[in-house]
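Have a look at the structure below, then the notes.
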Amino acid sequence: MLSQIRTLITILKHTFTPADTVQYPEQKPYLSPRYRGRIVLTRDPDGEERCVACNLCSVACPVDCISVEKTEKPDGRWEAKTFTINFSRCIMCGFCEEACPTHAIQLTPDFEMAEYDRQNLVYEKHHLLISGPGKYHEYNFYKVSGKAITGKAKGEAIDEQAPINVRSLLP
Amino acid sequence: MNTLNTETDMVSITIDNQAYRVSPNENLLQTCLTLGLDLPYFCWHSELGSVGACRQCAVKQYLNDEDKVGRLVMACMTPVCDGMVISMQDTQSRQFRQTNIEAIMTQHPHDCPVCEEGGNCHLQDMTAISGHINRRYTGKKRTHLNQYLGPMLNHEMNRCIGCYRCVRFYRDYCGGDDFNVFGSKSHLYFGRATPGALENSFSGNLAEVCPTGVFTDKPFSEHYIRKWDLQTAPTICPHCSLGCNITVSERERKVRRITNRRHDEINGHFLCNIGLFGYEHVNHSERLDAPLLRNNADKCSAILSTSEAKQHLAKLLSPAIIDNQETALNQQALGKCIAIGSARTQIENNAALMKLVGQDNFYLGVPDLQVQMLHMLCSAYQNNSVSPFSIKQAQACDAALIINEDISHTAPRLALAIRQMSRNLGIDNAAKLGIADWQDGAVRNIAQTTRSPLAIIASDTSQLSSLATEEVIISPDEQVILLEEIQTLLAHRLDEAKNLEETNSLEETKSLDDIETHTNTESYSASARRIVDALLTADAPMVITGLQSQDPALLGASLNIASLLKQLKSHAGFYGVTKQVNDLHFGLLIKDEAAEAKYLGIDSFITRVMGQEGEDSAHKAPDTLIILETDLYRYMEAEQLEAALDAIDNIIVIDHMLTPTAQMADLILPSGSFAESQGCYLSSEGRLQHGFATFSGLNQPMMPWFWLADLTDLHHPAEIHHWLSQHFPILAPIETFSELAHINQGSPFRIAGQPKRASARTAIHAVNDVKEQMPISASGTPFVQSMEGVEGFRQSQVQMITVLPANAWSPKWNSDQGANRFGNMSHSPWTLGITLFSQTSPSSQPACPDEHQSEQENNKNNMPATNASRKETNSSALTSASIRLIPSSNLYTDFELASYSSSIHSMSPEPSLKIHPSLAASLNLIEGEEAQIQAEHSDARLMCTFNQQMSPSVAQVPTRLFTLLGKRAKITPLTLKAKEDCDDPT
């Protein structure tokens, strides 16, 4: 008897509590910036592509849904000739973002990617590339790395000495 | 390395309280690595030895079991001795190694993502093994400017860790002098004095020798794939005749790179640049990937499907084949269908073609003269009058005589072995002082310029000249005389030895000695005597020669010398360098039932087609020709060749490149390149080796034998092997490789072609179709084109066909160098090959020199007959003004398939006529101006360059032109001739 009354009270109480569900799609839920949704390729603060086609995202991917092919630009930068993500296989685990040494690949809070045709879930480089730096505003890989590119010669990266003059006799 | 050590030679050592039985001849580092322990190192290399420069392999050595303090030693500098107590895991040595690598890493640039070495980097592996994770150094990094080092290597000096391996390899091991180390302490710079292409033909190995990414493979970088994505299979290098073992790496049906596959008997750790970079023909735009049918009416070619092509082939061939069979039945030798075999395809393909047309209608795809020389080599090997050495044996021998072969260009890996061979005396001297051969610095210090005897008889200096203890630069004609002198001297010694055995009387030998010394001073040149003395004081002398000169007389004399030497010294050896990857087996395919062998080469083919005077007219003219993977334009002058080809109605070419010959075909059938086909190769030391396909061909993975299968009724390599061993008993061991017939797709013994960590499986083809494809299935090969199956490094444990290392990877050792820790672990024929002319058989051969003498005389007599046309006109048309031509070989131009690679093509020198200034003066030639070379069949124009070092009676032309021009030609300055030409019409 007592338990039945308790049940009734509980149910009545819940009738007046606000609902956790929202009226999606009219109403959008809040997703934190660290939410793991659609994958994007970002650019460095200078507007150059961050991806250097190192293939680490590809090898980290547990479902093998990222394919990258390397090419080299005339200025010495490595970049992806092709960058394909098969989102019909992607499990949004974020390992690729963790593996990326240049903060190029990032997961965003966007999850609205449903398609009627599976083929449309294959994203290529121009679908993935965005124009901003994403979550990491300052990082510029080539400013840190020792590889010379046009506009940043040897010794001009952060924490680098000027190139050694091999012909100098000074100690 | 010394797997043959018996248990009694072993000593016991204790490493981290674990007892091991090990070989005492090695240093502690090598021992630890062979035992499979993970001890980091940089400067050591199993081929270059130890110098103790990097201080990375520190371990703790204890005096005995009671000693608890111990001392740090460098494992690479510590010899293994009995009862040694070692610890790798104690805190102090671990910390030492970790601190050391931390110091090394302070200067390392932050560029692994954009480094081609990433994922294949010894430095990455060693850093991970030693446990260094966190960078504490906050100072500035030193930087260096890079250099241009040619089309094969990238240079990125920032990555250097200063281990000195590159200079030790390039200068000490390969003898290069255009690369060095500059500066000191952290200013060390490894490079050239001025930027430019590295000259040494082994420069490409720097990419592998360097433990990090200072030198990286430039052509690989252009179609770069990380190591974990590469699909690999073991095969044989398709260029020169040495049969080096390689691993081909592929992704998306494109060959990405070639790496050395360690075979201790042949290539060891290093491949020449041709082997490393000569693969681009596989990816070339002139690759044939579909059957093409010429349509003369519309002046175009139609692309056929496989079944259409097979129908066409049957339609073209059937009447001719039936005719062939009829003629064979009627005891008439020659039929309507003839074929030309290939020196660069697998043995199976030639066998199938030979079965199809019959042996009398099967012409070998090299000039007659070369066929003759190959036959001479093969018969010498077969009757055991000379023992063919492996490259390892060549490296271990203690005196060598190189006769008229520029091995630095025709057989580079052999030249590298000879370079090491010349150090043997120095190594022996060091051994007398108790210094082991792996103590590289000390041994070199003791040896200084001590050289083992190396005699070179040639018409020009070569890269090995600086090592020669005796070098004779004379023209080929004089060489014959010198070789005869050497023969006579050796024969004298042999008689003397025999007499000694027989009589054993002191007085007689004395008088013999007197006679000999008397005759010596009278008739023999000093160099001949010095060469003979050097060869006879050695324990295992060897003779090296080859087919470069296209001179059977010289080859005969060289074989005679080797045979005499073998009778005097039981360990004496021989190496005959042939010209293409698989041409030695031609020498075995020759029918010599009759008194004289018939040398059916390309010259015979031309004679057959053009018809010969005096032959009966009832003789059938051939109307169908099948050319298998041979570019005839490389051997014959275009005019002569085209006249012959025009006389034939149907020309069928089976090839993988659109060669000029293929352009003449009515029907072109594509075949697989070396990377797409499997089969057997016979190297010039007589080693039968099997290569596997890395991937299946473009559209139609067709082996040439497969095209012919319906007509020959040989539907499987095993059937071809069986047919071969029945008809050519010497090739019977080829049936060992038929075992593959039992390997099928369902076999539990499959080997994964891809590493377990291969990526992008569900994305790489998704752009075309999101639905994933079935993995490609190929039967008859243990290598699966996917990651399914046993991993490469585990093969030896489960695989019945052991082909280690298919995939140079083992846990913690990601870089290719990790695989070099171990030697050849398996002794299966799949890994080692089968030596057809086994040296283990007893060397007692009676009356061999006489046989040889007569054979050589025969050859001398035969030569004008076989090469009649050329010789005759030589004497008549060309006056005494004609000059003897010799070939100037060049690694980068001589190999047909390699020259499709742009990196190799760009290294090839301008063709020129090299001539001694004195001869040039008598011919009115001026340096830097063109000269006209007029031979009997063809002519050429070449720029003159003067060469003081070469013999003053000959002229050097590039090998390709030499093949076309022949041995003699008239040389005139073009300027005069042009003047005359201009004058004539006016």
Please sort A:10-23, B:111-124, B:70-83, B:405-418 by packing, taking for each peptide the average over its residues of neighbouring beta carbons within 10 angstrom, highest first. B:405-418, B:111-124, B:70-83, A:10-23
What whole-number value in Å² describes the accessible area per residue of the protein assembly as shown for a 1.4 Å probe? 42
Once amide H atoms are built 1.01 Å from N in the peptide plane, which residues 5 or more positions from B:ILE883, or in another chain, come under 5 Å H to H? B:ALA969, B:LYS970, B:ILE971
For the B and A pair, go ahead and give the buried accessible area with a 1.4 Å probe, both sides summed, in Å² to 100. 3600
For chain A, what is the mean residue ellipticity at 222 nm derived from helices alone (per DSSP H run of n ≥ 4: -39500 (n - 2.57); sum divided by total residues; nearest 500 deg cm²/dmol)? -4500 deg cm²/dmol
Could you go through region B:143-160 in sequence order and give the Karplus-derived ³J(HN,Hα) for each residue, using 6.51 cos²θ - 1.76 cosθ + 1.60 with θ = phi - 60°, rounded to whole Hz, and x for Gly and Pro? 10, 9, 8, 8, 10, 7, 10, x, x, 10, 10, 8, 10, 9, 5, 4, 7, 5
I'd like the mean, over residues of B:99-112, of how many other protein chain beta carbons sit within 10 Å of each residue's own Cβ. 3
Inter-probe distance in nm under a simple model that places probes 7 Å from Cα toward Cβ, at B:ALA921 and A:ASP46: 6.2
Loop-located trypsin sites (Lys or Arg not before Pro) in region B:556-593 whose Cβ has at most 13 other Cβ within 10 Å (DSSP): B:LYS591
Counting only other chains, and only Cβ atoms inside 10 Å, what mean value do you get across the residues of B:132-145? 4
Hey, can you list the residues from region B:751-778 whose accessible area shrinks by 50 Å² or more with all protein chains present, relative to the chain by itself (probe 1.4 Å, no ligands or nucleic acids)? B:ARG757, B:THR762, B:ALA763, B:VAL767, B:VAL770
Accessible area of region B:54-136 belonging to carbon and sulfur atoms, whole % at 1.4 Å probe: 53
Tell me, what % of the accessible area of region A:25-145 is carbon and sulfur with a 1.4 angstrom probe? 52
Compare B:SER93, B:SER696, B:SER570 by solvent-accessible area with a 1.4 Å probe and give them largest first, with all protein chains kept in place. B:SER570, B:SER696, B:SER93
Kirkwood Rh for region A:25-145 from C-alpha pairs, in Å, is 14.9
Over 20 Å intervals from 0, what percent of Cα-Cα pairs in chain B sits in each interval? 12, 42, 35, 10, 1, 0
In this structure, the FRET efficiency calculated for B:THR106 and B:TYR148 from their beta-carbon separation, with R0 = 35 Å, to the nearest 0.05, is 0.80
Once R0 is set to 60 Å, what does the formula 1/(1 + (r/R0)^6) return for the Cβ-Cβ distance between B:ARG136 and B:GLN949, expressed as a FRET efficiency to the nearest 0.05? 0.55
Contour excess over end-to-end distance, with Cα ends at B:SER307 and B:ILE435 and 0.36 nm allotted per residue: 39.4 nm
Of B:LYS310/B:LYS598; A:LYS28/A:LYS70; B:LYS392/B:LYS566; A:LYS70/B:LYS579; B:LYS254/B:LYS310, which ones are farther than 30 Å apart at the Cα? B:LYS310/B:LYS598; A:LYS28/A:LYS70; A:LYS70/B:LYS579
Show the residues, 5+ positions off or on another chain, whose built amide H is closer than 5 Å to the amide H of B:VAL577. B:THR545, B:GLY546, B:LEU547
Would you calculate the separation in nanometres between label points at B:GLN640 and B:SER465, each defined as 7 Å from the Cα along the Cα-to-beta-carbon direction? 3.2
Which residues of region A:70-100 end up with at least 40 Å² less accessible area in the presence of all protein chains than when their chain stands alone, using a 1.4 Å probe? A:LYS70, A:TRP78, A:ASN86, A:ARG89
Apply the Karplus curve 6.51 cos²θ - 1.76 cosθ + 1.60, θ = phi - 60°, to the phi angles in region B:649-658 and return the couplings in whole Hz, x for Gly and Pro. 6, 10, 10, 10, 10, 10, 7, 10, 10, 7
Relative to the present Cα-Cα distance, how much length would full extension add between B:MET610 and B:PHE182 at 0.36 nm per residue of separation? 147.7 nm
Starting from the amide H of B:HIS656, placed 1.01 Å from N in the peptide plane, find each other amide H under 5 Å away whose residue is 5 or more places distant or on another chain. B:SER671
When ranked by the protection proxy of mean other Cβ atoms within 10 Å per residue, highest first, what sequence do the peptides B:930-943, A:108-121 form? B:930-943, A:108-121
What is the list of residues in region B:21-40 whose amide nitrogen lies under 18 Å from a point 7 angstrom out from the Cα of B:GLU47, following Cα to Cβ? B:30
Which FRET efficiency value, to the nearest 0.05, is calculated for A:THR7 and A:GLU115 with the Förster distance at 35 angstrom and r the Cβ-Cβ distance? 0.20
Across the residues of A:157-170, average count of Cβ atoms on other protein chains within 10 Å? 5
Label-point separation in nm, B:THR91 to B:ASP495, each point 7 Å along Cα→Cβ: 8.1
Around B:PRO909, what is the net charge, scoring Lys/Arg as +1 and Asp/Glu as -1 over all other residues with Cβ under 13 Å from its Cβ? -1
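The values are calculated or read from the model by the stated rules, or taken from the named source; none is laboratory data. As the structure is a computational prediction, the values presented were derived from the model and not from experiment. Here Cβ is always computed from backbone atoms with ideal geometry, including for glycine, and neighbour counts include all displayed protein chains. Ligands, DNA and RNA are excluded from the accessible area calculation, which covers all protein heavy atoms including side chains. Shrake-Rupley method; radii C 1.70, N 1.55, O 1.52, S 1.80 Å.
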